[in-house]
1. What does the charge dipole of segment 193-369 about its Cα centre add up to, to the nearest 20 debye, if the Cβ of each Lys and Arg holds +1 and the Cβ of each Asp and Glu holds -1?
2. If you average 1/r over every pair of different alpha-carbon atoms in the chain and take one over that average, what Kirkwood value in Å do you get?
3. Could you rank the peptides 385-394, 197-206 by their average count of other C-beta atoms within 10 Å per residue, with the highest value first?
4. Would you work out the Kirkwood radius for segment 104-262? I mean one over the mean of 1/r across all pairs of different Cα atoms, in Å.
5. Counting Lys and Arg as +1 and Asp and Glu as -1, each charge on the Cβ, what is the dipole of the chain about the Cα centre in debye, to the nearest 20?
6. Express in whole angstrom the spacing between the alpha-carbon centres of segment 207-226 and segment 48-76.
7. Using the per-residue mean of other Cβ atoms lying within 10 Å as a proxy for protection, in what order, highest first, do the peptides 175-182, 51-58 fall?
8. As a check on your grasp of the helix formula, calculate [θ] at 222 nm for the chain: sum -39500 (n - 2.57) over DSSP H runs of n ≥ 4, divide by the residue count, round to the nearest 500.
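A short reminder: the numbers here are calculations on the coordinates, not readings from a lab. Source: prediction; values computed, not measured. FYI the Cβ positions are ideal-geometry reconstructions off the backbone, even for glycines, and counts take in every protein chain you see.
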Amino acid sequence: MLTRRSMLRLAGGAGASLLSSTRLAKAFQEVFQAAELPAGMQAVATACGVCDSNCGVQAILQDGVLRFLGGLPGDADGGGGGLCAKGGSGIGLVYDPDRLKYPMKRTNPEKGIGVDPGWERITWTEALDTIAARFSNAISQYGAESLLVISRPAPDLWMRLLNALGVVNRVDHLDECFLTNRILQRYCTGPMTWAHDFANSKFILLFGWDLLAKAKLVFARGIVQAKANGAKVVCFNPQYSATARFADEWYPIRPGSDLAVALAMIHVLLEENLYNQQFVANYTNFPEYESAIRAHFAPYTPEWAELQSEVPAAAIRRLAREFGTMGPAIVPVHKKTLAANYTNATQLVHAIMILNILAGTVDRPGGRYEARKIDIPAVDAVYPRPAYPPKTGRRVDGKDRLPLVLEDGGGLFSTLADGILNKYPGM
């Protein structure tokens, strides 16, 4: 009989295939690293740019042609000498037949499925002049408000261009990726960080995050090392993922109900005084509002959470006790967690931050480290900024109506289409 649980186990086979492909790539890598390269082949050290982990890469070239990408031997950070499937597929970025290598201009104004756009190669001078002219025409006719720039989080030089044009509408991918995490981390524990000290954790609690199959290699390495060091891994995920198979305990939680379990665990930690009382007293305002906080979480019992999540109340209570007593505990959260994109994501991430605070592992061994950054002068500190024109007009995405988002930079994809079609989103 095919039950819900057995069906989820079958679905988890996809994660196993990913792990197998990683082993295959590792085998190829060991061959290239162990043997002396034949004549005409060359190993070049570089770094991967697919994500911001920037893992060390060893590229194998044969007569100047890139043949293989593997982890850089001795890389202590990032991939630790390994490379994920995305990084190893980077050869396609170089030799893909559709790779854009120079500016192209559309010559056929007609658009539609199957219609040849008539792309024609042009010089960089013509491309830049065309873009500048269209910018100028739009500003002169409709104002700088009419310019919409879609980009990744902007570096200083890019912002200089936008400020010189008076651009008020710039959006990036943050609200579709990790904006909730970023805002909640800032107001609960400090600047956003993905630095998790898994190696020294003794209890790792995961809400939806499939670290082994859908995350950066540095996180997968960390959780594997943690378990080898004796850590317990608990996974809440409706899907029987690769990480669910790896975990010591897996609970096929009802989709969207993670918040109920998190609230119930907070309830137990407070009710039984299992939280790190010294850390909480030294670094939070809990002592000032203790009565109100305890009263707020009192209704969220494990029995209540069981009705919402289908996770047994006895299991929730036991896990909360283990979380509070087994040593350094962590509830990691990342942009790739399923939990980060629920409609109640703000409340869930807030609850996760509270769990980490109660564990006393914020910026402590076995927990989440705050970012340590090198003090590199910004462009404006080296080259004084010019006089920019005043920014006029309203944001088309409605971000100016959301104070917490407004502080964060960028813009909102989720309201952008409505804003473009209706001038301003109906918020």
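1. On the way: 16 positive and 14 negative charges, 138 e Å.
In total the dipole reaches around 660 debye.
2. Details: mean 1/r = 0.0398 Å⁻¹.
Mean inverse Cα-Cα distance, inverted, gives 25.1 Å.
3. Working: 385-394: 11.1, 197-206: 22.8.
Averaged packing, sorted descending, gives the order 197-206, 385-394.
4. Numbers: mean 1/r = 0.0486 Å⁻¹.
By the Kirkwood definition, the hydrodynamic radius is 20.6 Å.
5. Working: 44 positive and 40 negative charges, 84 e Å.
About 400 debye.
6. Each part's Cα centre sits 21 Å from the other's.
7. 175-182, 51-58
8. Details: 19 runs with 183 residues, N = 427.
Calculated mean residue ellipticity at 222 nm is -12500 deg cm²/dmol.
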